[in-house]
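Q: My questions will all concern the structure given below.
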Amino acid sequence: MAPTASQPAALVPLPTRLPDGLQTGYEERLPALFLRSADSGKRFWEFFTAHIRNPNTRKAYFVAVSQFSMWCESKNLALEHVQPIHVAAYIEQLGKAVSKPTVKQHLAAIRMLFDWLVTGQVVPTNPAHAVRGPKHSVMKGKTSVLSAEEMGQLLESINASTLIGLRDRALIALMGYTFARVGAAVQMKVEDYYIQKRRGWVRLHEKGGKVNELPCHHNLEQFLDEWLQRSGLGSDPGSPLFPTMRHGKLSGRTPLPQANVHMMLLRRALAAGIQTKISAHSFRATGITTYLQNGGKLEVAQQMAGHESARTTGLYDRRNDSVALDEIERIAY
């Protein structure tokens, strides 16, 4: 069953290929398990268009339930015949191919979708409710972190005499000084940088519909001012703050794609002689860790990062990494 005109293609991402060992030959099909009847199909599309609002969650959950559908089809299971033992068998097999967090995410997607089908009276019970996922506890995040010296080295290595250098320096500084996610950074418009109380402020539209407004560090304020002045974007409030460029010149009003940001960061880190393997998220972790190392408070870092829980902020705190290294050096032979 293909999506109809009322189901925009942008809201219905096709699933990726299954991990090795789970491929069934149905990889390019939509999840027929949930689309065989008008009632289940209608409820299925409502789940992804009306109930799941975050586009990243929507895509991840769609892939998860599509892969479960493919597995059920390979076992000749109809929707009304899916039992807890089937969900458990799928989760067990999935756990042999992907990480525990991925398994937990897939189980959460299946469970939420079946809950939605139960409340819509499509199926009588949720077969995923009784299935337990793998235990997985995280005390420290895996995101790589730069030291304060490396961060300074990276910013100083960027050639600020070029327009693209000014843009990249301002973007990297924004993520480092405000703990902004790369998605929020590239979505900023020129008007999201403004003057208040004689200082520059930034307005970040974070995930979950949160709007986070923060004053700028004086270095960030300088970098943003120089970028806007040289680019001429200061007179166009509705323009993307970090647009794409071609041959060193502005190429329109298209925001810089996240994939381009990732490639830019790798290129800039290599040019600066930084061997740490970084990503855009590294600057969020670097900023939080540096802030806490300099006497900052965890609850304030939580507010700046826009986290619901201080425990989430704590995953970015890598102050103990240096302590562990000092202790390792005590092992002298």
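The values are calculated or read from the model by the stated rules, or taken from the named source; none is laboratory data. This structure is a prediction, so every number in the text was calculated from the model and none was measured. Heads up, the Cβs are rebuilt from the backbone with ideal geometry, glycines too, and the neighbour counts pull from every protein chain shown. Side chains are part of the model used for accessible areas, which takes the heavy atoms of the whole protein and leaves out ligands, DNA and RNA. Shrake-Rupley method; radii C 1.70, N 1.55, O 1.52, S 1.80 Å.
Yes/no per residue for (1) open to solvent by less than 60 Å² (accessible area, probe 1.4 Å); (2) touching a residue at least 40 places away in the same chain (Cβ under 8 Å); (3) touching a Cys at 6+ places or on another chain (Cβ under 7 Å); (4) closer than 15 Å to residue 147 by Cα:
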site: 233; (1), (2), (3), (4): yes, yes, no, no
site: 244; (1), (2), (3), (4): yes, no, no, no
site: 270; (1), (2), (3), (4): no, no, no, no
site: 293; (1), (2), (3), (4): no, yes, no, yes
site: 300; (1), (2), (3), (4): yes, no, no, no
site: 303; (1), (2), (3), (4): no, no, no, no
site: 313; (1), (2), (3), (4): yes, no, no, no
site: 318; (1), (2), (3), (4): yes, yes, no, yes
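Q: How many residues does the stretch 97-123 hold that are more than 13 Å from residue 68 (Cα to Cα), open to solvent by less than 30 Å² (accessible area, probe 1.4 Å) and either among the basic types (Lys, Arg) or part of a helix (DSSP H, G or I) (or both)?
A: 1
Q: Step by step: first the residues of the stretch 194-230, then only those that are in a strand (DSSP E or B) and over 23 Å from the mean Cα position of the chain (by Cα), then the one that is surrounded by the most Cβ atoms within 10 Å (Cβ to Cβ). Which residue is that?
A: Of the stretch 194-230, the ones in a strand (DSSP E or B) are 194-196, 199-205, 211-215.
From what is left, the residues that are over 23 Å from the mean Cα position of the chain (by Cα) are 194-196, 199-201, 215.
Values: 194: 13, 195: 10, 196: 9, 199: 12, 200: 19, 201: 15, 215: 15.
Step by step, filter the stretch 194-230, then rank; the result is 200.
Q: List every residue pair whose Cβ atoms sit under 7 Å apart, with the two residues 6 or more apart in sequence or on different chains, where the first one lies in the stretch 78-103 and is without any contact (Cβ under 8 Å) to a residue 40 or more places away in the chain and the second, anywhere, is surrounded by 14 or more Cβ atoms within 10 Å (Cβ to Cβ) and assigned to a helix (DSSP H, G or I).
A: From the stretch 78-103, the pairs are 90/68; 90/71; 95/103; 103/91; 103/94.
Q: Among the numbered criteria (1) of a type outside the set (Lys, Arg); (2) surrounded by 17 or more Cβ atoms within 10 Å (Cβ to Cβ); (3) within 30 Å of residue 224 (Cβ to Cβ), which single criterion is violated by residue 148?
A: The single condition residue 148 does not satisfy is (2).
Q: Of all residues in the stretch 151-193, which are under 18 Å from residue 252 (Cα atoms), in a helix (DSSP H, G or I) and open to solvent by 30 Å² or more (accessible area, probe 1.4 Å)?
A: 163, 164, 191
Q: Here is a follow-up. So which residues in the stretch 246-259 are charged (D, E, K, R) and loosely packed, with under 11 Cβ neighbours inside 10 Å?
A: 246, 249
Q: Check the stretch 80-87 and report whether any residue there is closer than 14 Å to residue 133 by Cβ and out of contact with any Phe, Trp or Tyr (no Cβ under 9 Å at 6 or more places or on another chain).
A: Pass one, the stretch 80-87, residues closer than 14 Å to residue 133 by Cβ: 84, 87.
Still in the list and also out of contact with any Phe, Trp or Tyr (no Cβ under 9 Å at 6 or more places or on another chain): 84.
Within the stretch 80-87, one or more residues are closer than 14 Å to residue 133 by Cβ and out of contact with any Phe, Trp or Tyr (no Cβ under 9 Å at 6 or more places or on another chain).
Q: Pairs, please: C-beta under 9 Å, at least 6 apart or cross-chain, first residue over 18 Å from residue 170 (Cβ atoms) and in the stretch 200-211, second open to solvent by less than 50 Å² (accessible area, probe 1.4 Å) and in a strand (DSSP E or B)?
A: 206/212; 210/204; 211/204
Q: Within the stretch 272-317, how many residues turn out to be touching a Ser or Thr at 6+ places or on another chain (Cβ under 6 Å) and closer than 17 Å to residue 152 by Cβ?
A: Qualifying residue count, the stretch 272-317: 5.
Q: Would you please name the residue that is surrounded by the fewest Cβ atoms within 10 Å (Cβ to Cβ), looking only at residues in the stretch 127-143 that are at pLDDT 90 or above and over 17 Å from residue 52 (Cβ atoms)?
A: Let us first name the residues in the stretch 127-143 that are at pLDDT 90 or above, namely 127-132.
Going one step further and asking which of them are over 17 Å from residue 52 (Cβ atoms), we end up with 127, 129-132.
On the way: 127: 20, 129: 12, 130: 12, 131: 19, 132: 8.
The extreme case among them is 132.
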